[in-house]
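Chemist: My questions will all concern the structure given below.
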Amino acid sequence: MQIDFNLLKKYNVPVPRYTSYPTVPFWNEGINVSKWIQLFQQEFLKNNNAEGISLYIHLPFCESLCTYCGCNKKITTNHTVETLYLENIIKEWEMYVAIMSEKPVIRELHLGGGTPTFFSPENLRKLLNGIFKNATIHPKHEFGVEGHPNNTTKEHLQALYDLGFRRVSYGVQDHDPKVQHIINRIQPFENVKLAVQNARAVGYDSVNFDLIYGLPMQTEESIKKTVLQSINLKPDRVAFYSYAHVPWASRGQRLFDENDLPSADDKMKLYQAGKNLFIHNGYTDIGMDHFSLATDSLYAAWKEGWLHRNFMGYTTQKTSMILGLGVSSISDAGIGFAQNHKTLHDYYESVNKHEFPVTKGYFLDEEDSAFRQYILDVSCQAKTTFHEEHLPLLRQYSFPELRKLAADDLVEFDETGLAVTDLGRNFIRNICKAFDLHLLRAQVSQDAKPLYSKAI
């Protein structure tokens, strides 16, 4: 589907990615830790045996700074930092295990970063065995790791495979040497190819790529070449992300400015070019920049209506509880969020005092929970059903936004519910915004610092 350029331009506005609701800018600085523990225990008991829990472990170290990156990271070539960090992860995990009413059942686990493969295979093995000794692994578990093509060795892949990992996501970003140079992410195509071959040889059944459009030096021709080179390696899933230029939040991005980036018009051309190539080569647009082959479980989840979305992005595992371990990690207990300290110093200090290292969070009320579900329905199922008790709020806040979207043929709705059109699937973030009461109520001045990156 060729999308009208003016429509893309119209909806290319700052809007959240909706990996949570309410979104992080509306959370509270400081959190009632006792209330968080009580909520965690309550929701754990409710969900553990029914569906299991998810774990996200943040491994923040990188050997060099990728200037596009907005993640929490620590740049070092000193690998002795691995031991202390992993010891603290285990301590934090044991603090949570101590307040669980029963043995945790791990359904989903994701190692993110930073660069998880900064850590040696031996240390990753120690970390995971330290986690698993106090847990049961769900028979339908899904374990995934983010890997850097330059340093993800066959030994890394084998060690994790032996522990139940079957999905690896490579941060490819772009194959063009000129783009790699300016973003300080030099990784020859041969390294990416070898990383994929190694994963396949070990037995991984889902090899994923992260690609970014809108980076400095990118052109329509260069992005086409990057996408086609990627397709030739047959990744099972691709996240084709818009570069989020947020220099106020990421110091590395201050090394270039808006003048170094593709114009808004050019950036939309990059998106169209990349998307069309994926579609023409057998990939399905799952939503929010994710593409999948029909042979991947993500496609089945999308097709059959059991796709889920959380802080780890789209997932095939619907668990109502995510426990985040490590610096800056976010936990989601269904009706409450808690984020860990963002610096290693503060994180270590809390853990060594045997204090939960949470510093920021939000507890949802009934309204938040209801509208969070609407957003999840739209982002995962492209439809939702309205509840009568919410109609006053929907009429006041959501329906005026939905009328605008309907006028552009992005949605169809009445007072019973909403369905996203085929065209509207390209604007899921914008449609979700119609149910974001926090954002719709916020009075943000024209001169205020943007809270989010643009949709495209």
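The values are calculated or read from the model by the stated rules, or taken from the named source; none is laboratory data. Because the structure is a prediction, the values reported are computed rather than measured. A quick note on method: Cβ atoms are made from the backbone with ideal geometry, for glycine too, and the neighbour counts reach across all protein chains shown.
Chemist: May I ask you to list the residues in the stretch 375-390 that are surrounded by 15 or more Cβ atoms within 10 Å (Cβ to Cβ) and closer than 19 Å to residue 438 by Cα?
Modeler: 375, 376, 377, 378, 379, 386, 390
Chemist: Further, regarding this structure: Would you mention how many residues in the stretch 268-311 are under 25 Å from residue 214 (Cβ atoms), in contact (Cβ under 8 Å) with a residue 24 or more places away in the chain and hydroxyl-bearing (Ser, Thr, Tyr)?
Modeler: The qualifying residues number 3.
Chemist: Could you tell me how many of the residues in the stretch 99-139 are without any contact (Cβ under 8 Å) to a residue 60 or more places away in the chain, not in a helix (DSSP H, G or I) and not acidic (Asp, Glu)? Let's see the steps before the verdict.
Modeler: Taking the stretch 99-139 first, the residues without any contact (Cβ under 8 Å) to a residue 60 or more places away in the chain are 100, 102-103, 105-106, 109, 111, 113-118, 120-126, 128-130, 132-137, 139.
Among the residues that remain, those that are also not in a helix (DSSP H, G or I) are: 100, 102-103, 105-106, 109, 111, 113-115, 120, 133-137, 139.
Those still in the list that are not acidic (Asp, Glu) too: 100, 103, 105-106, 109, 111, 113-115, 120, 133-137, 139.
Qualifying residue count for the region: 16.
Chemist: Taking the stretch 385-426 only, how many residues are among the charged types (D, E, K, R), in a helix (DSSP H, G or I), without any contact (Cβ under 8 Å) to a residue 24 or more places away in the chain and within 17 Å of residue 7 (Cβ to Cβ)?
Modeler: Initially, the stretch 385-426 is screened for residues among the charged types (D, E, K, R), giving 388-389, 395, 401, 403-404, 408-409, 412, 414-415, 422, 425.
Checking the rest, the ones that are also in a helix (DSSP H, G or I) come to 388-389, 395, 401, 403-404, 425.
Cutting the leftovers down to without any contact (Cβ under 8 Å) to a residue 24 or more places away in the chain gives us 388-389, 395, 403-404.
So of that shortlist, the ones also within 17 Å of residue 7 (Cβ to Cβ) come out as 403-404.
Counting residues in the stretch 385-426 that are among the charged types (D, E, K, R), in a helix (DSSP H, G or I), without any contact (Cβ under 8 Å) to a residue 24 or more places away in the chain and within 17 Å of residue 7 (Cβ to Cβ) gives 2.
Chemist: Here's a follow-up. Which one of these does residue 350 not meet: (1) touching a residue at least 24 places away in the same chain (Cβ under 8 Å); (2) touching a strand residue (DSSP E or B) at 6+ places or on another chain (Cβ under 9 Å); (3) of a type in the set (Ser, Thr, Tyr)?
Modeler: Going through the list (1) touching a residue at least 24 places away in the same chain (Cβ under 8 Å); (2) touching a strand residue (DSSP E or B) at 6+ places or on another chain (Cβ under 9 Å); (3) of a type in the set (Ser, Thr, Tyr), residue 350 breaks only (1).
Chemist: Do we have any residue at all in the stretch 67-76 that's farther than 19 Å from residue 340 by Cβ, of a type in the set (S, T, N, Q) and part of a loop (DSSP other than H, G, I, E, B)?
Modeler: Yes, there is a match, as at least one residue in the stretch 67-76 is farther than 19 Å from residue 340 by Cβ, of a type in the set (S, T, N, Q) and part of a loop (DSSP other than H, G, I, E, B).
Chemist: Also, I was wondering about something else. In the stretch 158-175, which residues are among the aliphatic types (A, V, I, L, M) and in a strand (DSSP E or B)?
Modeler: To start, the set of residues in the stretch 158-175 that are among the aliphatic types (A, V, I, L, M) comprises 159-160, 163, 168, 172.
Result: 168, 172.
Chemist: Would you mind stating whether residue 70 is at positive phi and in the same structural domain as residue 317 (by TED's automatic domain parsing)?
Modeler: Details: at positive phi: no; in the same structural domain as residue 317 (by TED's automatic domain parsing): yes.
Criteria not met by residue 70.
Chemist: Given (1) in contact with a helix residue (DSSP H, G or I) (Cβ under 8 Å, 6 or more places away or on another chain); (2) within 30 Å of residue 266 (Cβ to Cβ); (3) surrounded by 18 or more Cβ atoms within 10 Å (Cβ to Cβ), identify the lone condition not met by residue 220.
Modeler: (3)
Chemist: Answer yes if at least one residue in the stretch 52-70 is within 19 Å of residue 351 (Cα to Cα), in contact with a Pro (Cβ under 6 Å, 6 or more places away or on another chain) and crowded, with 20+ Cβ neighbours inside 10 Å, and no otherwise.
Modeler: If we filter the stretch 52-70 for residues that are within 19 Å of residue 351 (Cα to Cα), which is where we start, we get 55-61.
Then keep just the ones that are in contact with a Pro (Cβ under 6 Å, 6 or more places away or on another chain); that gives 59.
Going one step further and asking which of them are crowded, with 20+ Cβ neighbours inside 10 Å, we end up with 59.
Yes, the stretch 52-70 contains a residue that is within 19 Å of residue 351 (Cα to Cα), in contact with a Pro (Cβ under 6 Å, 6 or more places away or on another chain) and crowded, with 20+ Cβ neighbours inside 10 Å.
Chemist: Further question on the same structure: Scan the stretch 14-31 residue by residue and report those that are polar (S, T, N, Q) and surrounded by 14 or more Cβ atoms within 10 Å (Cβ to Cβ). Quick ask: steps written out before the conclusion?
Modeler: Going through the stretch 14-31, the residues polar (S, T, N, Q) turn out to be 19-20, 23, 28.
Matches in the stretch 14-31: 19, 20, 23.
Chemist: Next question. From (1) under 22 Å from the mean Cα position of the chain (by Cα); (2) crowded, with 21+ Cβ neighbours inside 10 Å, pick out the condition that doesn't hold for residue 48.
Modeler: The failed condition is (1).
Chemist: Let me ask you something else. Only one of 85, 96, 56, 21 is among the aromatic types (Phe, Trp, Tyr) and in a loop (DSSP other than H, G, I, E, B); which?
Modeler: Among 85, 96, 56, 21, only 21 is among the aromatic types (Phe, Trp, Tyr) and in a loop (DSSP other than H, G, I, E, B).
Chemist: Condition (residue is without any contact (Cβ under 8 Å) to a residue 40 or more places away in the chain and either surrounded by 14 or more Cβ atoms within 10 Å (Cβ to Cβ) or not assigned by TED's automatic domain parsing to the domain that holds residue 314 (or both)) applied to the stretch 2-13: is it met by at least one residue?
Modeler: At the first step, the residues of the stretch 2-13 found to be without any contact (Cβ under 8 Å) to a residue 40 or more places away in the chain are 4, 6.
Remaining after also requiring either surrounded by 14 or more Cβ atoms within 10 Å (Cβ to Cβ) or not assigned by TED's automatic domain parsing to the domain that holds residue 314 (or both): 4, 6.
Looking for residues that are without any contact (Cβ under 8 Å) to a residue 40 or more places away in the chain and either surrounded by 14 or more Cβ atoms within 10 Å (Cβ to Cβ) or not assigned by TED's automatic domain parsing to the domain that holds residue 314 (or both), one finds at least one in the stretch 2-13, hence yes.
Chemist: Give the number of residues within the stretch 349-367 that are part of a helix (DSSP H, G or I) and of a type in the set (S, T, N, Q).
Modeler: Residues of the stretch 349-367 part of a helix (DSSP H, G or I): 349-352, 366-367.
Next, only the ones that are of a type in the set (S, T, N, Q) stay: 350, 352.
Qualifying residue count for the region: 2.
Chemist: Here's another thing I want to ask about it. Taking residue 363 as the residue in question, decide whether it is surrounded by fewer than 22 Cβ atoms within 10 Å (Cβ to Cβ), aromatic (Phe, Trp, Tyr) and closer than 22 Å to residue 61 by Cα.
Modeler: So residue 363 fails the test.
Chemist: Of all residues in the stretch 274-297 being closer than 14 Å to residue 379 by Cα and among the aliphatic types (A, V, I, L, M), which is modelled with the lowest pLDDT?
Modeler: Result: 288.
Chemist: Please determine, by comparing only the residues of the stretch 33-42 that are touching a strand residue (DSSP E or B) at 6+ places or on another chain (Cβ under 8 Å) and surrounded by 14 or more Cβ atoms within 10 Å (Cβ to Cβ), which one is nearest to residue 104 (Cα to Cα).
Modeler: This residue is 40.
Chemist: Of 434, 455, 442, which residue is among the small types (Gly, Ala, Ser) and either modelled with pLDDT of 95 or more or more than 25 Å from the chain's Cα centre (by Cα) (or both)?
Modeler: Numbers: 455 fails: either modelled with pLDDT of 95 or more or more than 25 Å from the chain's Cα centre (by Cα) (or both); 442 fails: either modelled with pLDDT of 95 or more or more than 25 Å from the chain's Cα centre (by Cα) (or both).
Result: 434 is the single residue among 434, 455, 442 that is among the small types (Gly, Ala, Ser) and either modelled with pLDDT of 95 or more or more than 25 Å from the chain's Cα centre (by Cα) (or both).
Chemist: Quick check on my filter: what residues within the stretch 352-388 are within 22 Å of the chain's Cα centre (by Cα), among the aromatic types (Phe, Trp, Tyr) and closer than 25 Å to residue 314 by Cβ?
Modeler: Within the stretch 352-388, 362, 371, 374 qualify.
Chemist: For the stretch 368-384, enumerate the residues that are in a helix (DSSP H, G or I), in contact (Cβ under 8 Å) with a residue 60 or more places away in the chain and of a type outside the set (S, T, N, Q).
Modeler: The initial filter retains those residues of the stretch 368-384 that are in a helix (DSSP H, G or I), namely 368-381.
The next check asks that each one be in contact (Cβ under 8 Å) with a residue 60 or more places away in the chain; those that pass are 368, 371-372, 374-376, 379-381.
Result: 368, 371, 372, 374, 375, 376, 380.
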